[in-house]
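S.K.: Got a structure for you, questions after.
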Amino acid sequence: MHIAVLLKTPEPKGNNPVGVDIGINKVLVASNGFSVNGKPIEYRRQHFRKLRSSLQKKGTFPAKRRLKQLSGREHRWINTVLHQISRAFVNSLVAGKDFIVMEKLNGIRRRCKHWKQRRATFHSWAFNKL
């Protein structure tokens, strides 16, 4: 059963818009000066990717069990990191004065061109989650 609900979006109460850009190398860059470097995050994701690759090549039962453990660990880690980044950004805003304006990233996977070597990095980018 699907239920559609129509809600009105409240008007922003602040008078200072803060633009937000989300990316891979810089996870979050805001017009108020807030910025988060994405290199350590990408380095750790590459580490998980290499581990997965070697375990998938092995193909044994213990390797598959380890793959499940790694999957859960990576998901929990990235959720925690993105939550910490978003909380730090929201805490950097001035209450009652600033409001957030984000870019629309709909259809970015179809629109953007990227190298074949960067395909895994691009498709593991958690822009919707942030």
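Computed from the coordinates by the stated procedures, all read-outs in this text should not be read as laboratory data. Source: prediction; values computed, not measured. Backbone-built Cβ (ideal geometry, glycine too); neighbour counts: all protein chains shown.
S.K.: If we count other beta carbons within 10 Å of each Cβ, what is the order of 103, 74, 11, fewest first?
M.R.: Values: 103 12, 74 18, 11 6.
Listed from fewest to most nearby Cβ atoms, that is 11, 103, 74.
S.K.: A further question on this structure: Given R₀ = 41 Å, FRET efficiency for residue 35-residue 1 by Cβ-Cβ distance, to 0.05?
M.R.: Numbers: r = 44 Å, r/R0 = 1.08.
Calculated transfer efficiency: 0.40.
S.K.: List the lysines whose Cα lies under 23 Å from the Cα of residue 97, skipping any in the same chain that are fewer than 8 positions away.
M.R.: 8, 13
S.K.: Starting from the 7 Å offset along Cα-to-Cβ, what nm value, one decimal, do you get for the label separation of residue 97 and residue 8?
M.R.: Roughly 2.9 nm, to one decimal.
S.K.: Which residues' amide hydrogens lie under 5 Å from the amide hydrogen of residue 18, considering only partners 5 or more residues apart or on another chain, with H built in the peptide plane?
M.R.: Result for residue 18 returns 99, 100, 101.
S.K.: Convex hull over the Cα atoms of region 1-68, averaged projected area in nm²?
M.R.: Details: hull surface 38.4 nm².
Averaged projected hull area, Cα only: 9.6 nm².
S.K.: Then there is this: Where nothing but the Cβ of Lys and Arg (+1) and of Asp and Glu (-1) is charged, how large is the charge dipole of region 1-49 around its Cα centre, in debye to the nearest 20?
M.R.: Roughly 220 debye for region 1-49.
S.K.: Less than 16 Å apart at the alpha-carbon level, and either on another chain or at least 8 residues along: which aspartates and glutamates does that give for residue 104?
M.R.: Reachable aspartates and glutamates: 21.
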